[in-house]
1. Just to be sure I understand, how many residues within the stretch 185-212 are free of Cβ contacts under 8 Å to residues at least 40 places away in the same chain and either buried (at least 18 other Cβ atoms within 10 Å of the Cβ) or of a type in the set (S, T, Y) (or both)?
2. Just the residues that are surrounded by fewer than 18 Cβ atoms within 10 Å (Cβ to Cβ) and not in a helix (DSSP H, G or I), please, taken from the stretch 213-254.
3. Go over the candidates I299, I331 one by one and state the one that is modelled with pLDDT under 95 and under 29 Å from A178 (Cα atoms).
4. Would you confirm, using the coordinates I've provided, whether T73 is β-branched (V, I, T) and either touching a Phe, Trp or Tyr at 6+ places or on another chain (Cβ under 8 Å) or at pLDDT 95 or above (or both)?
5. Which of (1) surrounded by fewer than 19 Cβ atoms within 10 Å (Cβ to Cβ); (2) in a helix (DSSP H, G or I); (3) in contact (Cβ under 8 Å) with a residue 12 or more places away in the chain does F179 not meet, given it meets every other one?
6. Kindly provide the set of residues from the stretch 189-206 that are assigned to a loop (DSSP other than H, G, I, E, B), aliphatic (A, V, I, L, M) and closer than 24 Å to Y217 by Cα, ordered by number.
7. Could you go through the stretch 307-329 and let me know if any residue there is under 21 Å from I146 (Cα atoms) and either among the β-branched types (V, I, T) or without any contact (Cβ under 8 Å) to a residue 24 or more places away in the chain (or both).
8. For S292, work out the one condition from (1) of a type in the set (S, T, Y); (2) more than 30 Å from S188 (Cβ to Cβ); (3) at pLDDT 85 or above it doesn't fulfil.
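The values are calculated or read from the model by the stated rules, or taken from the named source; none is laboratory data. Being a predicted model, the structure only gives us computed values, none of them experimental. Neighbour counts run over all protein chains shown; Cβ positions are idealised from the backbone, glycine included.
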Amino acid sequence: MSAANWRNTMNAGAGRALMRNQGQTPISMGEGVGTAVLPGNRGLSLNFGFWRHIGARHVVVLLFVLAYPWFATPFFTFQIGAQSLALGLIALSLTFLGGYGGMISLAQMTVAGIAGYGVAIFGAASAADATISLGWPSWVAVLISIVIATAGAAFIGWLSVRTEGIYTIMITLAVGVAFYYLCLQNYSVFNGFQGFQRVHAPEVFGVNLREPIPFYYLALLCSLAGYFLVKYLLRAPFGIALQGIRDNPRRMHALGFNVTAHRIAAYAVAGVMAAVGGVLLVWYNGLIGPGSVGTSWIINILIIAVLGGMRHPIGAFLGAIVFVLLQTFAIDVLDRERFNLVIGAVFLVIVLFSPDGLLGWWAGLRSKFSTPRGGVR
């Protein structure tokens with residue numbers, strides 16, 4: 001399909017998603033995706049500059065996260081910062097699928113677990129696991145693990161994209177639970193309930209990635225790459241079409257789009273982000289076992305994504321920060337066993353007052369206080 005046809009199709013069929021991203025109001029033409037383009041949008045092209053959407057607040061946040069290790073303690077750098085970035089990257093994959101593709105997948109932690117197990121199996125683990133681990137170079141193990149995890153994500157997408165709503169959730173949850181029991185009961189490949197110990201990050205060009213500051217910057221680099229990838233895709237033809245499919249798949253199919261192929265491709269893209277997050281997480285923990293991919297962590301990734309806001313890419317990292325802070329410091333107030341009660345209460349409060357998470361809550365407060373007394377902006 002030519003670029004001209006893309007523009008005509010988007011303006012006629014999926015203009016709502018594009019104008020939502022631009023902060024404009026579409027004029028609805030009915031229940032479908034179709035919208036009437038406002039007069040000021042004549043000739044609107046999809047080939048607009050990406051960097052024009054980077055504002056002052058993005059620069060401030062970027063400078064803060066870059067300087068963070070230099071004023072934070074090693075504990076906060078590693079335990080809070082690095083862990084939040086790794087979990088946020090996995091949650092970002094769910095945000096991309098759920099917020100912009102309309103597909104809630106509970107298998108993102110499973111994809112991350114596949115990559116984590118791959119690093120332990122193809123790379124090096126403890127001496128006790130040497131009979132299973134192949135001991136290949138770290139970069140080879142990481143690349144193969146990401147490829148296998150991405151292929152697994154595409155396969156999960158192929159299984160689930162033909163369903164919608166609760167059926168998609170149940171299929172992906174079933175895949176996650178099945179992978180958990182496979183890891184728990186298989187000893188020849190996954191080493192059973194013991195898993196793999198001492199799966200550490202390598203040393204690259206004389207820099208030990210096990211140290212807090214180098215590992216933090218590695219996690220930050222991967223997280224920024226994932227964030228800007230999502231921001232770019234949302235304004236690319238693929239992302240616009242995906243949002244149109246989310247709003248009305250039948251209309252998009254009638255316009256000539258392959259709905260199934262777009263959804264599977266979205267699962268593959270999300271799989272890459274989840275796989276990289278899984279590699280970071282296994283290096284952070286230094287181990288991986290069935291507990292790392294159990295139902296508790298499957299639900300935790302969903303909680304992180306919802307806390308931040310499913311329709312905001314940065315929301316995945318904000319939710320991860322809140323989750324990690326509660327997980328780290330809630331035990332100082334309550335028993336460790338009470339953590340699920342605390343995170344559940346926080347989750348319930350946020351969802352009740354803001355269905356769009358913390359960022360939706362913040363946007364609502366800004367809108368409320370910025371509206372003049374007369375109610376007209």
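1. Here the count works out to 1.
2. A236
3. I299
4. no
5. (1)
6. Matches in the stretch 189-206: V199, A201.
7. no
8. (2)
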